[in-house]
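Encoded as structure tokens, the structure appears first; notes follow it.
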Number of protein chains: 2
Amino acid sequence: MSDAATSQPLPLDLTGHVADLTAALMDIESVSGREAAIADAVEAALRALPHLSVLRDGDAIVARTNLGRAERVVLAGHLDTVPLPTSPGSRGTVPSSWDGQTLYGRGATDMKGGVAVQLALAAELSAPQRDVTYVFYDHEEVEASLSGLGRLVEHHRGLLTDASFAILLEPTDGAVEGGCNGTMRFRVTTTGKAAHSARAWMGENAIHAAAPILARLAEHTPQTLSVEGLDYRESLNAVRIHGGIAGNVIPDRCEVEVNFRFAPSRSVEQAEAYVRHLLQGFDVERTDAAAGARPGLDAPAAASFVAAVGAEAKPKYGWTDVARFSELGIPAVNFGPGDPLLAHSDNEHVSRQAVADCLDALRRWLA
Amino acid sequence: MSDAATSQPLPLDLTGHVADLTAALMDIESVSGREAAIADAVEAALRALPHLSVLRDGDAIVARTNLGRAERVVLAGHLDTVPLPTSPGSRGTVPSSWDGQTLYGRGATDMKGGVAVQLALAAELSAPQRDVTYVFYDHEEVEASLSGLGRLVEHHRGLLTDASFAILLEPTDGAVEGGCNGTMRFRVTTTGKAAHSARAWMGENAIHAAAPILARLAEHTPQTLSVEGLDYRESLNAVRIHGGIAGNVIPDRCEVEVNFRFAPSRSVEQAEAYVRHLLQGFDVERTDAAAGARPGLDAPAAASFVAAVGAEAKPKYGWTDVARFSELGIPAVNFGPGDPLLAHSDNEHVSRQAVADCLDALRRWLA
């Protein structure tokens, strides 16, 4: 792995096959927090294009055409990846590798294929029929407060809000995915009274007291809510549990971390009330929340995009940054190469054809 | 806290009030695994007594009178404590503190008061009417395989087996407690399938699968079994639980640690079968087991001791090392200062008088 602080940016070739550009981007390791090297390479490639004005903020980059078109759209993607796989023999790692026409490695689907499509369009389309704002950013795969896109909204809001539509190139397997589920986390705590486990009757067992929390979650049937014609499947899960301090002490505290993924028709407040109702009688603290985004596919810009690329519209289950554009009042969809079910897996991969197809679809709409 | 590897042992004053000696011992933090500093201090104090021969093995110490008396007895106690309390404002911590005539701090009852009584007797009785083997040892509050007493039995069996009676100075509030419950631990594991929590239906939640384990334990009513006229109350508890690796991953593994304290009329095999029956259908692994000990108060040495100290005989609920002496064929009882119900609590304390009374009773019998 190159040392981001001292190495020169690798020169990226934006004019070859977009899948080869994907591989070149994957070979620059960029786990969240270490995006400097890839941001250097992307910035250098964009600054070489005279039809773009380029701004860098930390490890985020905004590049804009300025053609005075009637409409402006955003194409956005994050530069970071989740950590490299730790299982020996995993192919979803750095550097990338080809197996026939399939490209393996960290970021293959989430989302260096999408970033490669952005860069190829930026290089090729010196005069698109819509003005384009290309956005590349850091820290998407970690807590929301670190997000490079959030920082751009704060520092350079005007560079984003003059667009009427945004496409996030997160993997959708070529479908157009509208909106996204929201997500929130809770800490559900039971307390008891510590005692020696040989005289358990002197204490109160906080782990036993957590039995109904787990039972209610296990028995709960998640709902599927239809929003503007798309079906959003929810989920509600204990994701972590921890209790007890020693093998001979009756535990006086047990914590269950609960994650609720909720349809965009629920507000954060409504989603919280739903979980609090289910876990009534327990000490429930909300620790984190991000609203979902309605699909917005009835907005004119979104409708024209769906028609132009000829793709099927689907709901997005995972939370993505379309929700940030939604908050800015900009309709946004996900549309990118690769199978979203492979994201974060030890076996991440994408086909040469999928990346090329995504590029072709966007070129048809923009050229 | 001093660094056990480099600090000098604190000099202990064995000739002052035994409750002040208790406080000095409590001020040397000795959570299981970190007994080196207290063992150094105890060893140094014993080596200064010319009427004792002293042996050290790891952080265990054996000191013996060699007067050629007709009878030899063991006085034994462990040097370690459970971890310090974590709740702010807990008084059962290190260092100790006095509130009037009451001494608060970790180990006040379990069992630095007992250790102080051993040391005071060792210093005072240069010519007891029975030969005495004083045993101090490490790792009592953790899994049985680490026990310092077990290690002494293995390495220096002959230094223990020439006694005809043993007294373990575990807290009994001045009563003589015969026998003890057995104890065993189990790891009960549920497994599932990891998935992104936004697409929970692709996975299987191992924490949810643990709900019936906790429910069965919470609903279970422990039994009370009568053995040789004493009533042994059992208990069965989840003492630790752990599951999940991240806030956005469906957990694929959850482990519940279960502790069963069982009457001495059950064998280890019978006790294990009882728990396996209750948790039928789950992956149950026994990780630890120690048989209980029948009271044995009809043995002549035990009867003479009970008569001499004039105390009432009761059952012992907690597993104690009397069971190890029982296995060596040596009748053994618990007799020590402090309320056993306070052991391991955040509020551990002992009265000045209780420690002095225990010392007096043993002095009457030995001097």
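Quick check for you: with a 1.4 Å probe and neighbouring chains kept, what is the accessible area per residue of the range B:79-145, in Å²?
Ligands and nucleic acids excluded, the result is 31 Å² per residue.
Counting only heavy atoms of protein chains, what accessible area per residue, in Å², does the range A:182-290 have with a probe of 1.4 Å?
Value for the range A:182-290: 39 Å² per residue.
Hey, can you rank B:342-348, B:107-113, A:268-274, A:53-59 by average C-beta count inside 10 Å, highest first?
Going from most to least packed, we get B:107-113, B:342-348, A:53-59, A:268-274.
For B:229-241, what's the mean count of beta carbons from other chains sitting within 10 Å of each residue's beta carbon?
The mean count of partner-chain Cβ atoms within 10 Å per residue comes to 6.
What ranking of B:104, B:317 comes out by heavy-atom accessible area, probe 1.4 Å, highest first?
Final ranking, largest accessible area leading: B:317, B:104.
Once the label point is placed 7 Å from Cα along Cβ, list for residue A:146 the distances to the corresponding points in the other copies, in nm, shortest first.
Nearest to farthest, the other copies are at 3.4 nm.
Per residue of A:174-184, how many C-beta atoms from partner chains lie within 10 Å of its own C-beta, taken as a mean?
Counting Cβ atoms of other protein chains within 10 Å of each residue's Cβ and averaging gives 1.
Shape verdict for the range B:49-155, please, from the Cα gyration tensor: rounded (a/c under 1.5), prolate (a/b greater than b/c) or oblate.
Oblate, because a/c is 1.5 or more while a/b does not exceed b/c.
Averaged across B:244-253, how many Cβ atoms of other chains sit within 10 Å of each residue's Cβ atom?
So the per-residue partner count for this stretch is 5.
Using a 1.4 Å probe, how large is the accessible area of residue B:161, given in Å² and rounded to the nearest 10?
Near enough 60 Å² of accessible area.
In whole Hz and in residue order, list the ³J(HN,Hα) couplings for the range B:335-344 that follow from phi through the Karplus curve 6.51 cos²θ - 1.76 cosθ + 1.60, θ = phi - 60°; x for Gly and Pro.
7, x, x, x, 7, x, 5, 8, 4, 6
So for A:26, B:202, what's the accessible-area order with a 1.4 Å probe, most first?
If we order A:26, B:202 from most to least accessible, we get B:202, A:26.
Give the accessible area for residue A:304 in Å² (nearest 10); use a 1.4 Å probe, count only protein heavy atoms, and leave out ligands, DNA and RNA.
40
Measuring from label point to label point, each 7 Å out along Cα→Cβ, what is the residue A:218 to residue B:155 span in nm?
Once both label points are built, they end up 4.6 nm from each other.
Report, to the nearest 10°, how far helix A:352-366 tilts away from the longest principal axis of the Cα atoms in chain A, using its own Cα long axis and a range of 0 to 90°.
For helix A:352-366, the angle is close to 70 degrees.
Hey, what angle do you get for helix A:36-47 against the long axis of chain A, alpha-carbon based, 0 to 90 degrees rounded to 10?
Tilt relative to chain A: about 30 degrees.
Multiplying the sequence separation of residue B:48 and residue B:307 by 0.36 nm and subtracting their Cα-Cα distance, what value in nm do you get?
Additional length available on full extension: 89.9 nm.
Relative contact order of chain A: what whole-number percent is it, with Cα pairs under 8 angstrom and at least 6 residues apart?
About 23 percent, as a whole number.
By how many degrees, between 0 and 90 and to the nearest 10, does the Cα long axis of helix A:113-124 differ from the longest principal axis of chain A?
20
Using a 1.4 angstrom probe on the protein heavy atoms only, line up B:279, B:341 by accessible area, largest first.
From most exposed to least exposed: B:341, B:279.
Rounded to whole Å, give me the distance from the Cα center of the range B:124-149 to that of the range B:285-334.
Each part's Cα centre sits 15 Å from the other's.
What is the interface area between chains A and B, defined as buried accessible area summed over both chains with a 1.4 Å probe, reported in Å² to the nearest 100?
4000
Per 0.36 nm of contour for each residue apart, how much would the distance between residue A:288 and residue A:346 grow if the chain were fully extended, relative to their Cα-Cα spacing?
Length gained between residue A:288 and residue A:346: 18.2 nm.
What are the distances, in nm and sorted shortest first, from the label point of residue A:285 to the label points of the same position in each other copy, with each label point placed 7 Å from Cα along the Cα-to-Cβ direction?
The projected label point of residue A:285 is separated from its counterparts by 3.3 nm.
How big is the accessible area of residue B:180 in square angstrom, nearest 10, if you roll a 1.4 angstrom probe over the protein chains?
Here the accessible area works out near 0 Å².
What 222 nm value per residue comes from the helices of the protein assembly as shown, counting each DSSP H run with n ≥ 4 as -39,500 (n - 2.57) and dividing by all residues, nearest 500 deg cm²/dmol?
-7500 deg cm²/dmol
The values are calculated or read from the model by the stated rules, or taken from the named source; none is laboratory data. Treat the numbers as computed from the prediction; the structure is a model and nothing was measured. As a convention, Cβ positions derive from the backbone with ideal geometry for all residues, glycine included, and neighbour counts pool all protein chains shown. With ligands, DNA and RNA removed, areas are computed over all heavy atoms of the protein, side chains included. Shrake-Rupley method; radii C 1.70, N 1.55, O 1.52, S 1.80 Å.
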